[in-house]
Amino acid sequence: MEPLRSTDPARIAGYRVLGRLGAGGMGVVLLGRSPGGALVAIKLIRAEYADDSGFRARFRREVAIARQVRNRWAVPVVDADTEAPAPWLATEFVPGPALSEAVGSGGPLPERGVRALGSMLAEALEAVHAAGLVHRDVKPGNVLLGLDGPRLIDFGIARALDDTVLTATDVIVGSPGFLSPEQAQGRRIGPASDVFSLGCVLVYAATGGRPFGTGPVEAMLFRTVHDTADLSALPPGLLPVVEACLAKEPEDRPTAADIRQAFAEDLSGGSWLPGPVTHLIAERSARMLALPDIDATSLDAGGAGGPDSGPDTGTGTGSGSRETTAVSPSPGRRRFLAYVTGGAVLAAAGTTTAWLVSGGDKDPGGEGDGKTARPELHIGLQADLSGPSAAVGKGQDKAARLAVAEHNARGDAPFTLRLTTVDDGGDEERAKAAVRQFAEDPLLVAAIGATGTDAAREALVAYDEAALPLLSVVDGDIRHLNRIFLCARPRNDMQMLPVAEFLGAYEIDQVALVDDGTEYGRQTTRFLDTGLRGNGRTVFAETVREGTRDLDAEAERIVAKQPGAVVYGGGWRDAGRFAKSLTRAGFLGPKIATQAVHDPRFLAEAGEDAAGWLVVSTAADPASVPSVHPFAAAYRKRFDHAPPLFAAEAYDAVGLIASCAQGLGREKLTRQDLLPALRTTSYKGVSKSYAFESANGMYTGTGVFIYRVERGRFRYIGMDGREV
């Protein structure tokens, strides 16, 4: 990173600019920090180009295209303003080097690393092509390297497959040496062109050279079209796939899916990158920790808004009353917090729980008392009521109905709430159908959902098309950035902050960090891995893939490295099996798991071997967290059983939407009115306090609960690193 120049802005929208990452003829790429502390790469276009209507139209198209590609190996768009005097685009920041830098300075990657690179980049291209797009500039400079995998960036010249204007003949776009023969000839191209470019990138990664040599552009283009690629230095194990990628005719090349499957392999047992590159990424990550601290700090445990302070018993529901309590975190906490996600001040906007607390007996069915005619606002709940997450979904439905009834029972409520619940069964198609049903209701201004991961991912696109705000208390996937999405919980990587603090407090310097090969596993371990290395700790990064049969062998291999603690990022089922294997392997140190393990089924699967496990979760256990007890009592009174996990959060979600709507003070309210207001509203619920980054809807507060398994149950022991 280079220092800022006098001509560079200090801020872009809400982002504080920290330095320069690069520059080109059209603009500059800057490192920025969001109000919540997340680092982003901001592509800022020079104002003189922005005055060109054609250029601005192309930039709008770039942003739209980049938003369509959702894959773990493609850098997601965080924010953009295509209409600003100097338009800009912000993406997630990746601290690793470009492939061109890593190979140029450190030499070729080993064959195993190239195979992994090929598989993951092919997966990214699958997503590009599935969106009906062609990247058109797959080259080493557009591949950033991370500890967990590469990131494909820069969709500046990507085009839709049916974009006949911008894929006209006789126009050569792309980077010589890495473009396809049809690109070199200015012909129309398709997904096979990206496959050819990927083949060139893999040759470069494995040999340090280009398959069609170097020299004048015209000479490289001629050789690309007419000559055979030079693959003499390529390892034999890579030759069949790469040779097929470099076929002259597009129809003779494999698809991206074919490449991914051909190169798929088990990467457990170490990093996919050579040591020097891994160290370079760790060094750069450490430098990120030394950047200026974020402006805001975390909520004081003893101040207003903390879950342990009990529910707000005031009667005001407006979002205009804001309280802020801030403390300075410890140096270690500040460094890690700044790197992972950043902290943010949580403002407590007094919500009403008066009906709950007073134990009123008014009808909780959501119909109100019928004495006054008030305007109606409708809220949708998309939940899995009949599939694998039905227990959670049904609890959310009941809790939301309880919140609606509580609101409607208030005599001073300016509007009546109506809840529409649709069962998506955890199914992608049913999830999209639910959104269509919501979209047809003109009074429905926001939705809460979904309980299933696949359903959540697919529904996001439909919510975006309907311009319908979606608030989720379950989904913490960092890929789900969307103009309508509000992540009402700490995201997947943020939940690991208390783990870092625990390891530091007990001076555990050697940590086995185990993921299960899933996207969730990667997200919960990636930043923790980088942050721990940046703070000088030894990390044994292990992948024990979901469904692995011989977990005993894996546990013995990991325990043999003598880690001081084992952190597991994966699902409850394999965590239960892994707990047994760790016991049989004789491991006696701390064992820590993530939210996916905060599930009664883990306790049943692991049995006695679950004892002592620490579990971090963004779900407030109604039976354990004191501030949730009044809600739990009202829920039990109404439904005759205890509320499940995420029920309290669903109750809070209804209250947040109602509070925000009332705070706007409008007789008529639309979805378009509500979305920006939701992103700037702070709200104190019974489970936690809620606030969002206005730029991207990500949760900016604390709210990670810590449990220890004792006597076959999860016992709540603290929040955000603070024990009760």
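Which one of ASP515, ASP509, ASP493 is touching a helix residue (DSSP H, G or I) at 6+ places or on another chain (Cβ under 9 Å), under 20 Å from GLY697 (Cα atoms) and acidic (Asp, Glu)?
ASP493
Give the residues of segment 62-97 that are touching a residue at least 40 places away in the same chain (Cβ under 8 Å) and acidic (Asp, Glu), sorted by residue number.
GLU62, ASP79, ASP81, GLU92
Looking only at segment 75-90, how many residues end up being under 12 Å from the mean Cα position of the chain (by Cα) and not in a loop (DSSP other than H, G, I, E, B)?
Summing the residues that are under 12 Å from the mean Cα position of the chain (by Cα) and not in a loop (DSSP other than H, G, I, E, B) in segment 75-90 gives 2.
Considering only segment 569-576, I want to know if a residue exists there that is touching a residue at least 24 places away in the same chain (Cβ under 8 Å), surrounded by fewer than 22 Cβ atoms within 10 Å (Cβ to Cβ), part of a strand (DSSP E or B) and out of contact with any Lys or Arg (no Cβ under 7 Å at 6 or more places or on another chain).
No - not one qualifying residue is present in segment 569-576.
From the set of residues in segment 661-685 that are within 25 Å of the chain's Cα centre (by Cα) and part of a helix (DSSP H, G or I), which is nearest to THR702 (Cα to Cα)?
ARG679
For the condition over 29 Å from THR525 (Cα atoms) and either part of a helix (DSSP H, G or I) or touching a helix residue (DSSP H, G or I) at 6+ places or on another chain (Cβ under 9 Å) (or both), what is the one hit in VAL404, VAL461?
Result: VAL404 is the single residue among VAL404, VAL461 that is over 29 Å from THR525 (Cα atoms) and either part of a helix (DSSP H, G or I) or touching a helix residue (DSSP H, G or I) at 6+ places or on another chain (Cβ under 9 Å) (or both).
Out of the residues in segment 411-434 meeting the condition of being among the small types (Gly, Ala, Ser) and assigned to a loop (DSSP other than H, G, I, E, B), tell me which one is nearest to GLY452 (Cα to Cα).
Looking at the filtered set, the residue picked out is GLY426.
Looking only at segment 689-724, count how many residues are in a loop (DSSP other than H, G, I, E, B) and closer than 30 Å to ALA579 by Cα.
8
Looking only at residues in segment 626-654 that are aliphatic (A, V, I, L, M) and in a loop (DSSP other than H, G, I, E, B), which one is modelled with the highest pLDDT?
ALA642
Restricting to segment 169-226, what's the tally of residues that are at pLDDT below 85, among the hydrophobic types (A, V, I, L, M, F, W, C) and not in a helix (DSSP H, G or I)?
Going through segment 169-226 one residue at a time, the tally reaches 3.
Taking the residues in segment 33-57 that are in contact (Cβ under 8 Å) with a residue 40 or more places away in the chain and over 23 Å from the mean Cα position of the chain (by Cα) as candidates, determine which candidate is nearest to GLY531 (Cα to Cα).
LEU44
The values are calculated or read from the model by the stated rules, or taken from the named source; none is laboratory data. Quick caveat: nothing in here was measured; it's all calculated off a predicted structure. Virtual Cβ from ideal backbone geometry, glycine too; neighbours counted across all protein chains shown.
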